Structures are given as C-alpha cells and as structure tokens.
Amino acid sequence: MWNTDSSAWFADVAWHAFTLREWMALLGMTLLLGVSACVSASETAFFSLSPRDVNILKKRTDRASRRVLRLLSRDQYLLATILIVNNLVNICVVVLANGLIDASIDFGASVGLELGVKLGLVTFLLLLFGEIMPKIFSAYHAVGVARGMGACLSVLESMMRPLAFLLIRSGNYINQSVNRKRANISMDELSNAIEMTSGQSAEEKRMLSEIVDFVHTEVVEVMKPRVDMVALDWEANFEAVCKEVVSSGFSRIPVYKERIDDIQGVLYVKDLLPYILASADFEWQHLIRKPYFVPEHKKINELLEEFRHNHIHMAIVVDEYGSTQGLLTLEDILEEVVGEIADESDREEAFYTKLAENLYVFEGKTHLNDFLEVVGLPDDYLDAVRGDAETIAGVMLEIRKDFLRRAEKLSFLRLNLTVEALDGRRIDKVRVEVLPPREESGR
C-alpha cells in the first residue's frame, strides 16, 4: 500500500543553515541565471528581427547598429555561439544547484523526494528565468536587446569561434548525409510508384523511369568515347578543316595539338562562316573557343546545370590523369530522358542488324542499355559480369579477361556472343544469339 500521509515524505528531511560557501554558491547561481537569461533573450532578439528592423539598423551609423548587422552576417557562428554559451551556463547552474541542495538539505532515505526536488527546482528556475521570461521580453524589444547585447556577443563569438566552426562543419556534414539518404529513398519510392502505375503508356513509363535514373547517371555512361570523336589537328590548313567540317556535319569540333589528350579548344562552325572564301593558309586557329573539361564520374544532372549556367553545349571528358576519354554534348544529356533527338543534318545510323529471330549483329561500341533493350532483357541482366564496361565489346573483354580473336565465342546465361569483326584489337562487330529461357547456358 502507498503511504498517503504527506508528513511521511518529510520525516527524514533535515535542514541545515547556509554557510558562507552556500551563500557564495547561491550568488553564483543567480548570476549564471542572469547570463542565461541574457543569452536566451539575445537568441530571440537577433533571429526575430524583421526586414523592416534590419533596414532601420542599416540607416543608423552608430557602432551598436553596425555591430548587430555584422553579427547577423555571420548568423551560423552567432547561433552556434549562443547555443554553446547557453548550454555551458545551464550546466553550471545545474551543478551549483545540486551542490547547494546537498549542502542545505539532508533527505535521508527519501531518494525519490530528493530527485523530485532537484529536478523540479532546477527545471523551474531554468525555464522561467533562463528561457520563458527573457524570450517574451525580447520578442517585444528585439532591436533594443540586439543592440544592447551586441558588444558582449561579439566578444563571445570571437572566443568561441574555433568550437563554433567545428560544430558548424559537423552539422553541415550530418545534414548533407541525411539529405542524400532522403533523396535516395525518395528516388526508390518514385521508381516503385512508376512500376505500379497503370494509366501511362509504355513510352510514358519509359520516360518517367529515365528521369528517375537521370540523377544517378555519370558522364562516362553517356559520353561519346575518344575512339569515335571527330577532332581537328591544330596544324591542319584551312582547306582541310573545311572538308572535315562538311564531312562530319557537327556544329562544334574539338581541336588538339599533336595528340587527342592535348585539347586546345573547340571550333564553332558558325565562327567560320564569315571566312568561308578565305585562302587555304587562313589562320583559323584564332577562332577556337576555350574548352570545358569535366571528370568522367560527374553526374549528368550536375553537368546539365553547369551547361545552363555557363551557356555552353559541349564538354571534354577527362580521367583522373587528365587524359581525354570522350566528349559529351547537351543533346546527349537530353536524349537520356526524351530518347533519340534527330534533326535534318543527322544521318540515320543503325547500330545493329537483325538477321533472324533472336539473332543480331551489333556494333561493338553499342551501349549496354541500348543492347539489352533491343534483345528484350532486363537492364541488370549483365551486372554480374559487366564490371566497369559500358559497351557490349567491353563486356566481352570483362568476361574473357583478355583480347579476343575473330570468330571467338563467349556465352553468358541466354546470350551467345561471337566476335564478327575486329578493327586492330578493337571489337568492331558482335554476333549475338539470344537463347530461349529453357536453353540458358552458363559461362
């Protein structure tokens, strides 16, 4: 049975008179509560200033107003300083209050009463005098409190800057990690939602899926590789340049010195138009524009934003050693979402030939996504063997772990891959046979 006699709670309690030490502790706790009140009031005052209040402060020329504006310009450091000081002061108040209660009151065996008194008293003091009252006051006198506390906070901000810097950096890192995780979860949920939709056509679903995958796609996955690049030699005469421009049909062409890894710039064909009748020794090199280089593992959504911001349409893709790996255009990025974009200057180029049912000949440079779509297999069908490969020729090299000879055959699950033609050591054509599901073969 619970004892309902309230006098029993205090039967073992003994009171002790304050000594000088307790009076000093009480004075220190009172001063710290005042500091906590001032700091809490400053937090509300500085971060509740309206645009009108800020404009009024900007019009003033006194030192206090300038100090407030300077602190607001470093709002992250200001908030970190306020939180650090407030928590340190509150911890000191808790320690002093605990020591003061222990020295002045003997609770005996009433452990629950002791805990309740300590928690209740300290919480009441901190909330009422350290939070509620000062914040209510500063909400109605924000400008005055901010001006009055500006000098003190400037000194504290300078003292706490190293610790504030550490806290800000740690907070930013955690925030970025959480946001990245939330973004990934959202993309997964969006992908599942697309799969469950029934109202869209197959083409609409495909486009929605491409948009979801867009943020995860890297430049290296969609670029035109260096072996397929059309580039101009810096030493070429104007006549040779014009012939290359006409034969390629491109509006922008990279220019290199001696080797493709030394890209000097990009020639815009429209810049040649005023000089179309110039002689063969015309110095066309002064027309080239500065190249834009990007790393091969940059995300294409980030590159698209850079294209938009810098008003450019082509980037040269380089690896970690600065070697040219390929190039990427604005059109290439957009095609990842909307599909192939063809204009009147494009030539119709088929990257595969269908010989019979489930029998094809593909170009070795065919991207794996395009290849799997044509043969009707899932996008992740070759994930177990593809490694870093992005083309069908690359997958064959990953499986073989060596160069292949003409007519050499490889098998993986339902695919029989045969080297149809070579260009040096490069696999130019691949014959592909897709087996029915019941005839799947191992590697």
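The values are calculated or read from the model by the stated rules, or taken from the named source; none is laboratory data. Quick caveat, the model's predicted, so the values are computed rather than measured. Backbone-built Cβ (ideal geometry, glycine too); neighbour counts: all protein chains shown.
Of note:
- Reported count of residues in segment 390-413, each being more than 15 Å from Arg431 (Cβ to Cβ) and outside any helix (DSSP H, G or I), is 6.
Matching residues to (1) more than 29 Å from Thr123 (Cα to Cα); (2) small (Gly, Ala, Ser); (3) in the same structural domain as Phe137 (by TED's automatic domain parsing):
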| residue | (1), (2), (3) |
| --- | --- |
| Ala17 | no, yes, yes |
| Val35 | no, no, yes |
| Leu49 | no, no, yes |
| Ile56 | yes, no, yes |
| Ser65 | yes, yes, yes |
| Leu72 | yes, no, yes |
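- Checked against the criterion of being loosely packed, with under 15 Cβ neighbours inside 10 Å, touching a residue at least 24 places away in the same chain (Cβ under 8 Å) and on the phi < 0 side of the Ramachandran plot, segment 83-99 contains one or more residues that satisfy it.
- Qualifying residue in segment 291-304 (condition: closer than 17 Å to Pro254 by Cβ, out of contact with any Leu (no Cβ under 8 Å at 6 or more places or on another chain) and among the β-branched types (Val, Ile, Thr)): no
- Which listed residue, of Gly112, Gly144, is within 30 Å of Ile82 (Cα to Cα) and either modelled with pLDDT of 80 or more or assigned to a helix (DSSP H, G or I) (or both): Gly144
- Answer from Asp281, Asp332 - the residue that is surrounded by 10 or more Cβ atoms within 10 Å (Cβ to Cβ), closer than 25 Å to Asp233 by Cβ, at pLDDT below 90 and in contact with a helix residue (DSSP H, G or I) (Cβ under 8 Å, 6 or more places away or on another chain): Asp332
- Out of Val245, Val294, sole residue that is over 28 Å from Ala389 (Cβ atoms) and either surrounded by 13 or more Cβ atoms within 10 Å (Cβ to Cβ) or of a type outside the set (Val, Ile, Thr) (or both): Val245
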